[in-house]
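Take a look at the structure set out below.
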Amino acid sequence: MTGAVLAVDQGTSGTKALVVCPRRGVIGAGSAPVRPRYLPGGRVEVDPGELYGSVVAAGRAALADAGGAAAGVAAVGLANQGETVLAWNPVTGEPLTDAIVWQDRRAEALCAELADHGEALRKLTGLPLDPYFAAPKMAWIRRHLTREGVVTTSDAWLVHRLTGEFVTDAATAGRTQLLDLDTVSWSEAALDAFGLGGERLPRIVDANAPVGTTTAFGPALPLTGLLVDQQAALLAQRVTEPGSAKCTYGTGAFLLAQTGSVPRLGSSGLVSCVAWRLGGRTSYCLDGQVYTAASAVRWLTDLGVLPGGAADLDAVGGSVPDAGGVTFVPALAGLAAPWWRGDLRGSLTGLGLDTGPGHLVRALCEGLAAQVAELADAAASDLGRPLEVLRVDGGLTRSALLMQTQADLLQLPVEVSALPDATALGVGAVARLGLDPGLTVDDAVPRWSPSAVYEPRITASEAAERRARFRAAVRALTAAQGRDAEATSPAGGGGASG
């Protein structure tokens, strides 16, 4: 079968949809905004109706943009945020709560209560105890909001609204901390640990399993592809062999490294999780997170430092030669891997009367790039070999300043994807695999071609010095809150790559 597919990426700040033709590429595109509410106490919520409405609006807009070619669309694929959760009525499909977004920290105290279960849960599910993942949020909803209905990740609700089915894909299930990583099935032990024993959970399916039919976009179309967003981008970047890695710069930044058919539980602080399950065969990956990337840029924008938002990163940052001694730890929603200190807040140090907007922008770029470099080091440690290159995608890759800074601090080439919207393209490839079982992954995934390659322009010793300053700022930040970073980081603040 050679039909086009409608690929929908439901993200944190909006939904993007593409009509992807196997011969002509992207022939239609649409988008719709989503507006999360950022509330005191680290709470982040969104109206579930807004999530579903954005899916329908973006999908219909993409089909309209494709014009007459939309008649050739034969299937739909849906990517999702991963750790965003809500309670809902499985009979009517009506939400019973707002959706608690992946960035939300309200389950911090609940995680602290479960600290004695932390290592057992990590070995079982691959994930450390942290409010970032779905299970703590699900347990919080059950304690504080409602015992009615079902409580799931947002994808299960969206799929139910679209098709009436009650399913989730294996990779999204792996983001809950309720999945046995070895058997790729729900774990009774994990459910019991979170007080979720007896919950009705969605059936776990392959990413390319046809799960039902939807008329939400107009014509009746089978839903043949489901995959969590970062793993979809991993597939689109053709990071399919052990040892290769990608980083997506969106609301947060997410580095994933492929490990193949066996989960790898390392000591670096990275997460071990399912990359995808296709045709009954599971691939695994290592995953590291930076909670605030584009959201940190938006923060500077709201302060007036970047009048034009992310589009002004290069112009404002390029107005000065360096960060002017300013160090920015952009932990505006806490620090994720490899530190796992979600309780921290960000810090700006080295400010002076001569500090200007350009210095703040450069310090932000260095802070983001330094965190990603720490993740790359951690991945190399767990893999037992250094990374050779980093493939990147996402809106912030349009900033030459950020990408050059990333290459400098990594001391590795950074290859920028020529394919915008990699997540949508990844789930589009999965939908094609579900539509035509005779296709191979190599056939379904778009050819890889970087739009730009950034090579390091500074020496390894200068990169090590700049990263050491960042690590010192992190240590000072954690020490100020009563704990030392070296003690809490499994990576132990290892040396710079190169």
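Rounded to the nearest 20, the Cβ-based charge dipole of the chain about its Cα centre (Lys and Arg +1, Asp and Glu -1) stands at 320 debye.
In plain terms, the chain is cut at each of the trypsin sites (Lys or Arg not before Pro) found in a DSSP loop with at most 15 other Cβ atoms within 10 Å, and the longest leftover piece is 201-344. Taking the DSSP bridge list for the chain and keeping only pairs wholly inside it, about 75 percent are antiparallel.
Can you tell me the convex hull volume per residue for the stretch 421-463, based on C-alpha atoms, in Å³ to the nearest whole number? So the per-residue hull volume is 104 Å³. For the stretch 4-235, the equivalent ellipsoid derived from the alpha-carbon gyration tensor has semi-axes of 31, 18, 15 Å in decreasing order.
Using equal-weight Cα scatterers in the Debye expression, the normalised intensity of the stretch 154-242 in log10 at q = 0.13, 0.17, 0.25 Å⁻¹ is -0.50, -0.79, -1.25.
DSSP beta bridges confined to the stretch 4-235 are antiparallel in about 70 percent of cases.
Screening the chain for DSSP H helices whose Cα atoms reach 18 Å or more along their own axis and whose mean Kyte hydropathy is at least 0.5 gives 48-66, 357-383, 422-435. Taken one residue at a time, the phi angles of the stretch 389-399 give Karplus couplings (6.51, -1.76, 1.60, θ = phi - 60°) of 7, 10, 8, 10, 8, x, x, 6, 5, 6, 7 Hz. Gly and Pro are set to x. Calculate the length of the line joining the C-alpha centroid of the stretch 64-98 to that of the stretch 218-283, in whole Å. For the stretch 64-98 versus the stretch 218-283, the Cα centre distance is 20 Å. Which whole-number percent gives the relative contact order of the chain, counting Cα pairs below 8 Å spaced six or more residues apart? Value for the chain: 14 percent.
The separation of the stretch 449-483 from the stretch 341-355, counted between C-alpha centres, amounts to 15 Å. With q set to 0.14, 0.21, 0.25 Å⁻¹, the log10 of I(q)/I(0) for the stretch 265-356, from the Debye formula over equal scatterers at the Cα positions, is -0.70, -1.08, -1.27.
Here the 3J(HN,Hα) profile of the stretch 200-213, calculated from phi with Karplus coefficients 6.51, -1.76 and 1.60 at θ = phi - 60°, is 7, 10, x, 5, 8, 10, 5, 4, 9, 8, x, 10, x, 10 Hz, Gly and Pro shown as x. The amide H of Ser185, built 1.01 Å from its N in the peptide plane, has Asp180 as neighbours under 5 Å, considering only residues 5 or more places off or on other chains.
When the Cα atoms of the stretch 101-165 are aligned to their principal axes, the ranges along those axes come out at 39, 25, 20 Å in descending order. Distance between the C-alpha centres of the stretch 112-172 and the stretch 418-447: 27 Å, rounded to the whole angstrom.
With θ taken as phi - 60° and the Karplus curve 6.51 cos²θ - 1.76 cosθ + 1.60 applied, the whole-hertz 3J(HN,Hα) list for the stretch 99-109 is 7, 8, 6, 3, 6, 5, 10, 5, 8, 4, 5 Hz, x standing for glycine and proline. Near the amide H of Val26, within less than 5 Å, lie the amide hydrogens of Cys21, all on another chain or at least 5 residues away, with H placed in the peptide plane.
Computed over Cα pairs, the Kirkwood radius of the chain leads via Stokes-Einstein (0.890 mPa s, 25 °C) to a diffusion coefficient of 109 µm² per second.
Summarising the amide proton neighbourhood of Gly212: residues at separation of 5 or more, or on other chains, whose placed amide H is nearer than 5 Å comprise Leu223.
Bear in mind these aren't lab numbers, they're just calculated from the coordinates by the rules spelled out. Quantities reported herein were computed from a predicted structural model and do not represent experimental measurements. Note that each Cβ is placed from the backbone with ideal geometry, even for glycine, and that neighbours are counted across all protein chains shown.
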